[in-house]
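Remarks on the structure that follows.
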Amino acid sequence: MTGMRVGLSGLESVPSVSERARLQRHFTRTGCVKLSKFLAPSLLKLLRDRIKGAAYELRQRGSGPEQVMVTDWAQDLLVFLVNQPACVRSFEDISGSERLGAAIRRKIYRLGGKRGYRKDWHDDAEPGWQLVVAVNLSARPCRGGLLQTRGSGARRVLATLRTLPGDAVLISTSPRFQHRVTTVSGRTERVSFTTAFESGASYLRRVRPQGTRKHVPLHRGLASWRHGHKVVFFTPTGHLAEVDDARGSIRTLRLPTP
């Protein structure tokens with residue numbers, strides 16, 4: 001375990017100074033690093049229960065076809081949590097980035113099963129992209145589905161990472177690196193959430209409606225417990241929402257009139 005874990009109330013623990021230094025060296029050398037047990041068990045269970053039986057649609061990308069889940073609040077909640085200031089600072093320390101902006105674009109996709117899709121060699125050197133974060137949301141460990149990195153155009157593999165449900169991976173957006181996900185075999189599926197930090201304003205500056213903080217007193221990075229099992233967060237579209245952990249449901253909250 002790397003010591004970095006996020007739960008419904010935000011960042012719960014961070015790596016030690018020595019561990020952050022080790023992770024940064026690995027990231028600089030290979031273009032990726034694994035954060036073991038990144039999701040707290042209760043958060044992983046909530047997300048797994050939510051996406052079980054979700055609808056997917058086929059999309060074609062340069063790296064290969066993928067089954068992408070239809071937009072759902074599970075994606076929005078993960079986006080909110082990885083954008084918490086304490087979480088962003090840890091990502092900056094590990095990746096060596098000076099200042100990460102906001103991670104707004106997001107998706108949950110699956111590989112494997114009867115489809116047998118994989119991700120071929122590609123880079124994430126998109127304009128403005130600073131860092132990619134991917135989280136394993138699979139129901140169980142799968143055969144294959146390994147993340148591999150290499151130098152751009154090179155043959156030698158620099159790193160091969162096997163992630164378990166709840167693990168996260170940070171992936172470099174430098175054109176010096178390429179990565180791929182190997183074929184998933186058997187009947188298991190590899191389900192992943194992915195988002196990219198982009199240069200510019202922070203997440204809360206981009207999505208928080210004006211005056212919200214005055215009328216909705218949230219804490220711990222704007223995540224707030226209610227009755228022991230509810231959390232309030234801002235969606236990427238700027239709405240205030242509340243997740244009920246016990247019921248596995250979400251509702252949009254109306255803001256008080258100034």
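Restricting segment 33-79 to residues that are over 14 Å from the mean Cα position of the chain (by Cα), outside any strand (DSSP E or B) and polar (S, T, N, Q), which is farthest from Ala196 (Cα to Cα)?
Ser42
List every residue pair whose Cβ atoms sit under 6 Å apart, with the two residues 6 or more apart in sequence or on different chains, where the first one lies in segment 75-94 and is assigned by TED's automatic domain parsing to the domain that holds Leu39 and the second, anywhere, is among the hydroxyl-bearing types (Ser, Thr, Tyr) and buried (at least 21 other Cβ atoms within 10 Å of the Cβ).
Correct list of pairs: Val79/Thr195; Asn83/Tyr203.
Considering every residue within segment 92-107, establish whether at least one is under 28 Å from Pro41 (Cα atoms), basic (Lys, Arg) and surrounded by 17 or more Cβ atoms within 10 Å (Cβ to Cβ).
Looking for residues that are under 28 Å from Pro41 (Cα atoms), basic (Lys, Arg) and surrounded by 17 or more Cβ atoms within 10 Å (Cβ to Cβ), one finds at least one in segment 92-107, hence yes.
Take segment 22-63 and flag every residue that is closer than 18 Å to Arg180 by Cβ and buried (at least 17 other Cβ atoms within 10 Å of the Cβ).
Hits for segment 22-63 are Phe27, Thr30, Gly31, Cys32, Val33, Lys34, Ser63.
Being among the aromatic types (Phe, Trp, Tyr) and within 15 Å of Ala168 (Cα to Cα) is the filter; apply it to segment 58-116 and report the residue that is modelled with the lowest pLDDT.
Tyr109
The values are calculated or read from the model by the stated rules, or taken from the named source; none is laboratory data. Since the model is a prediction, treat every value here as computed from it, not as a measurement. For neighbour counting, all protein chains shown are included, and Cβ atoms are generated from backbone atoms with ideal geometry for every residue, glycine included.
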